[in-house]
Amino acid sequence: MATAPVRVAGKAIDLATTSQSEADEKRGRALRKQEERLGALDRKYRRALRDCDDGDARACDRARVLFEEMERQPR
């Protein structure tokens, strides 16, 4: 019965490693989360820019901070 230890070892290795599909799913989730974050920042930035154009100086500052944050986001 030499195959039993090999099966057990193989099962342990399978449990200890991440499959390619699991890694792909994890990467996809991370990308979607990043895109959602960038989308939210963009919406806030556009709103602040619109208010800035209407003469709200605080909105101009907010727009600048939001733009810098968007630039720092990994792509």
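Yes or no, residue by residue, for (1) open to solvent by 100 Å² or more (accessible area, probe 1.4 Å); (2) at pLDDT 95 or above:
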{"residue": "A4", "(1), (2)": "no, no"}
{"residue": "R7", "(1), (2)": "yes, no"}
{"residue": "A16", "(1), (2)": "no, no"}
{"residue": "S19", "(1), (2)": "no, no"}
{"residue": "D24", "(1), (2)": "no, no"}
{"residue": "R27", "(1), (2)": "yes, no"}
{"residue": "A48", "(1), (2)": "no, yes"}
{"residue": "C52", "(1), (2)": "no, yes"}
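Cβ-Cβ distances below 7 Å connect the following pairs, each with a first residue in the stretch 55-72 that is more than 19 Å from G39 (Cβ to Cβ) and modelled with pLDDT of 95 or more, a second residue that is open to solvent by less than 60 Å² (accessible area, probe 1.4 Å) and in a helix (DSSP H, G or I), and a separation of six or more residues or different chains: A59/A48; A59/D51; A59/C52; C60/C52. For the stretch 29-41, which residues satisfy the criterion of being open to solvent by 50 Å² or more (accessible area, probe 1.4 Å) and closer than 19 Å to D61 by Cβ? Passing the criteria: none in range.
Test L66 against the criterion of being of a type in the set (A, V, I, L, M, F, W, C), open to solvent by 50 Å² or more (accessible area, probe 1.4 Å) and in a helix (DSSP H, G or I), and give yes or no. Taking the combined requirement at face value, the residue does not satisfy it.
Pairs linking a residue in the stretch 13-32 that is assigned to a helix (DSSP H, G or I) to a residue that is surrounded by fewer than 10 Cβ atoms within 10 Å (Cβ to Cβ) and modelled with pLDDT of 85 or more, with Cβ atoms under 9 Å and 6 or more positions apart or on different chains, do not occur.
The values are calculated or read from the model by the stated rules, or taken from the named source; none is laboratory data. What you see is a predicted model; the values in this text were computed from it and never measured. For neighbour counting, all protein chains shown are included, and Cβ atoms are generated from backbone atoms with ideal geometry for every residue, glycine included. These accessible areas exclude ligands, DNA and RNA; they are computed on the full protein's heavy atoms, side chains included. Shrake-Rupley method; radii C 1.70, N 1.55, O 1.52, S 1.80 Å.
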